[in-house]
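The values are calculated or read from the model by the stated rules, or taken from the named source; none is laboratory data. Everything quoted here is computed from the prediction, not taken from an experiment. All Cβ positions, even for glycine, are placed from backbone atoms using ideal geometry, and neighbour counts span all protein chains on display.
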Amino acid sequence: MNNSSWLKTLAIGFSIISFGITIAIVGYFVLTTKQDKTPYQRPISISPAITQNAAGNWKTYTNDEAGYLVKHPTSLDEGAGSSNNPIVDILEDKNNTYAIYIYTYTDSAGFADRSFLEFNAKVKDEEEIIVGGQATKKLTGIEIDFERGTLIHVGPIKYLGKAYLIVYTSGNNIAELESLRVFDQILSTFRFTQ
């Protein structure tokens, strides 16, 4: 074998190995940078249920016209804001650190969807939850008006031609963790009566 054919063989072998290495490198980058085209679906969470011990000390608020009941700690005062469309019920902390508003729209086709789109906060978190046996959204954000208070918007919850929105607000106060835990527990007690 002369030098010329030996060099040709070496060049061909080197070319084949170089081609193989190039294919391997390109394949590696294609496979490691390929993004999954399946959209991420966050699991639906269920608000934590109140313990039997706490439930025994809680009051039940029922609004027959709106068609729901909800349990709450005795530290919250009950109040009605409006009996028109929407029907508004208020659960307010006696120390004025937070309030919970429950809006009932008798026209589920329009009012609740528009109101839900007008969420007056900088959204920090969004999740799917179950309230009253119905899947809905829970938006958590910072109050735009105050730039610091917590605003949580749950809904719309549609049931028998009505739509419900449940709103937590700490006004211009930073929400206390305990009040957020209580709000989640209150959501777990929300039931339809019709």
Residue list for the stretch 153-167, filter: without any contact (Cβ under 8 Å) to a residue 60 or more places away in the chain and closer than 18 Å to K71 by Cβ:
V154, I157
Residue that is surrounded by the fewest Cβ atoms within 10 Å (Cβ to Cβ), among those in the stretch 171-194 that are part of a loop (DSSP other than H, G, I, E, B) and among the aliphatic types (A, V, I, L, M):
I174
Residues in the stretch 78-86: is at least one modelled with pLDDT of 90 or more, in the same structural domain as F183 (by TED's automatic domain parsing) and at negative phi?
yes
Please verify whether A66 is at pLDDT 80 or above and not in a strand (DSSP E or B), treating the condition exactly as stated.
yes
Options S170, S179: the member that is in contact (Cβ under 8 Å) with a residue 60 or more places away in the chain, more than 19 Å from K71 (Cα to Cα) and among the small types (G, A, S)
S170
Within the set of pairs 6+ apart or on separate chains, which have a first residue in the stretch 91-103 that is without any contact (Cβ under 8 Å) to a residue 40 or more places away in the chain, a second that is hydroxyl-bearing (S, T, Y) and in a loop (DSSP other than H, G, I, E, B), and C-beta atoms under 6 Å apart?
K94/S75
